[in-house]
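The values are calculated or read from the model by the stated rules, or taken from the named source; none is laboratory data. Computed from a prediction, not measured in an experiment: that's the story for all the values here. Here the Cβ positions follow ideal geometry from the backbone for every residue, glycine too, while neighbour counts run over all protein chains shown. Ligands, DNA and RNA are stripped out before the accessible areas are found, and what is left, the full protein with its side chains, is counted by its heavy atoms. Shrake-Rupley method; radii C 1.70, N 1.55, O 1.52, S 1.80 Å.
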Amino acid sequence: MHIPDGFLAARVWGPLWIAGAGGLWWALGAAGRALKDRAVPLMGVMAAFIFAAQMLNFPVAGGTSGHLIGGALAAVLLGPACAVAVIAVVLIVQCLVFQDGGLTALGANVVNMAFIGAALAYFIYAAARGSSRERGRILTAAAVAAWCSVVLASAACALQLALSGTSPLRVVLPAMLAVHALIGVGEAVITCLVLSFVLAVRPDLIYEGGRG
């Protein structure tokens, strides 16, 4: 899902750069205010895990690639602001050090994977979970959020490619959705496996937000 340089027109990547930078500024400020002692090492662990997971890429017809995101897992454990910060840092390192994703497309990648893949995933999770503290409800809500985050992020990526004239929407959207619907299942399974372990040994690590 990392979009490389040259795949997006300036009229598309320019506004997305502004949106990504502005959103990241908000996320860093909100994360700084929300940070607790337990969140700092957890953010580091999540960043390393997500970095490794995103390095496994699957080619997609229509112009880009697919991979796990890890945004929903990060959001369930860290909350939306810290999850956005973690995903964005991973994307920046991948772009600048490993050339995975273009510099001009960095804003689009941040919007797709950090804000849609993590922040939006958190709100889907929160809506599906409600006020329940039951293990099954938490895992079900996380699975739904993980699958939706991958599919919605891929749809946004496809739309950006189509608006840039890289590939017709009728080609790139079905290609992206078909692959990422399957990747989303894997994302949901991995998310639930990790959260099952966390709920068994350290349930206090689950982000509760305003639930107290």
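A few points about this structure:
- Filtered by the rule that a residue be in contact (Cβ under 8 Å) with a residue 24 or more places away in the chain and either open to solvent by less than 70 Å² (accessible area, probe 1.4 Å) or under 17 Å from I3 (Cβ atoms) (or both), region 125-141 gives Y125, A126, I138, L139.
- Residues in region 65-79 that are part of a helix (DSSP H, G or I) and either hydrophobic (A, V, I, L, M, F, W, C) or open to solvent by 20 Å² or more (accessible area, probe 1.4 Å) (or both): 7 in all.
- Scanning region 194-209 for residues that are out of contact with any helix residue (DSSP H, G or I) (no Cβ under 7 Å at 6 or more places or on another chain) and of a type in the set (V, I, T) returns a single hit, V201.
- Looking only at region 190-203, and only at residues there that are in a helix (DSSP H, G or I) and free of Cβ contacts under 8 Å to residues at least 40 places away in the same chain, the one that is farthest from A146 (Cα to Cα): V201
- Among the residues here, C192 qualifies as under 18 Å from the mean Cα position of the chain (by Cα), open to solvent by less than 70 Å² (accessible area, probe 1.4 Å) and over 30 Å from W17 (Cβ atoms).
- Condition met for E208 (surrounded by fewer than 19 Cβ atoms within 10 Å (Cβ to Cβ), farther than 17 Å from G6 by Cα and not aliphatic (A, V, I, L, M)): yes
- Among (1) more than 30 Å from S132 (Cβ to Cβ); (2) modelled with pLDDT of 90 or more; (3) assigned to a helix (DSSP H, G or I); (4) aromatic (F, W, Y), the one test that W26 misses: (1)
- Candidates V171, V144: the one that is surrounded by fewer than 23 Cβ atoms within 10 Å (Cβ to Cβ), more than 21 Å from G23 (Cα to Cα), under 17 Å from the mean Cα position of the chain (by Cα) and hydrophobic (A, V, I, L, M, F, W, C) is V144.
- Subset of region 89-124 [open to solvent by less than 20 Å² (accessible area, probe 1.4 Å), over 17 Å from A156 (Cα atoms) and within 13 Å of the chain's Cα centre (by Cα)]: V90
- Flag for V111 being modelled with pLDDT of 95 or more and of a type outside the set (K, R): yes
- Where S167 falls short, out of the listed (1) in a helix (DSSP H, G or I); (2) in contact (Cβ under 8 Å) with a residue 12 or more places away in the chain; (3) among the small types (G, A, S): (1)
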